[in-house]
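The values are calculated or read from the model by the stated rules, or taken from the named source; none is laboratory data. Here the structure is a predicted model, which is why all the values come from computation and not from measurement. Every residue, glycine as well, gets a Cβ built from its backbone with ideal geometry; the counts of neighbours run over all protein chains shown.
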Amino acid sequence: MLSLLYRVRRALPAAGLALVAGFLMVAAERYREQLRPPVDRVTAAHREMPTSVWQLGNGFHPASHFWPLQLVGTGIVLALPAAATAAAFLILRRHA
């Protein structure tokens, strides 16, 4: 019984951390289009829309925005495990 309590005590924080990480990933996906300002439809009204644009409600992202958006998103995704690793090292150093 004590072994089960010890496992649950360690598993619950890990599950909570995974839930928070999943929530952050969903939030990052939801707000990804706002990482770089879209081109306004009014300013681009005189041109016809190319097929390689990411259309949004009030604007669009041209193909030239693809890699900058990918790089910013990748930086955000890589910053989360870096922060978690730094926190783990700080916690382990304190307990060792």
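Filtered by the rule that a residue be exposed (fewer than 12 other Cβ atoms within 10 Å of the Cβ), closer than 28 Å to Gly22 by Cα and of a type in the set (Val, Ile, Thr), the stretch 48-84 gives a lone residue, Thr74. Condition (residue is at pLDDT below 85, touching a strand residue (DSSP E or B) at 6+ places or on another chain (Cβ under 7 Å), closer than 16 Å to Arg32 by Cβ and of a type in the set (Val, Ile, Thr)) applied to the stretch 71-78: is it met by at least one residue? Taking every residue of the stretch 71-78 in turn, none turns out to be at pLDDT below 85, touching a strand residue (DSSP E or B) at 6+ places or on another chain (Cβ under 7 Å), closer than 16 Å to Arg32 by Cβ and of a type in the set (Val, Ile, Thr).
Residues checked against (1) assigned to a loop (DSSP other than H, G, I, E, B); (2) touching a helix residue (DSSP H, G or I) at 6+ places or on another chain (Cβ under 8 Å); (3) modelled with pLDDT of 80 or more; (4) of a type outside the set (A, V, I, L, M, F, W, C):
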{"position": "Ala21", "(1), (2), (3), (4)": "no, yes, yes, no"}
{"position": "Val26", "(1), (2), (3), (4)": "no, no, yes, no"}
{"position": "Arg36", "(1), (2), (3), (4)": "yes, yes, yes, yes"}
{"position": "Ala44", "(1), (2), (3), (4)": "yes, no, no, no"}
{"position": "Glu48", "(1), (2), (3), (4)": "yes, no, no, yes"}
{"position": "His65", "(1), (2), (3), (4)": "no, no, yes, yes"}
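Can you pull out the residues in the stretch 67-83 that are among the hydrophobic types (A, V, I, L, M, F, W, C) and without any contact (Cβ under 8 Å) to a residue 12 or more places away in the chain? Selection gives Trp67, Leu71, Leu78, Ala79, Ala82, Ala83. For the stretch 47-93, a tally of residues being among the basic types (Lys, Arg) and within 19 Å of the chain's Cα centre (by Cα) returns 0.
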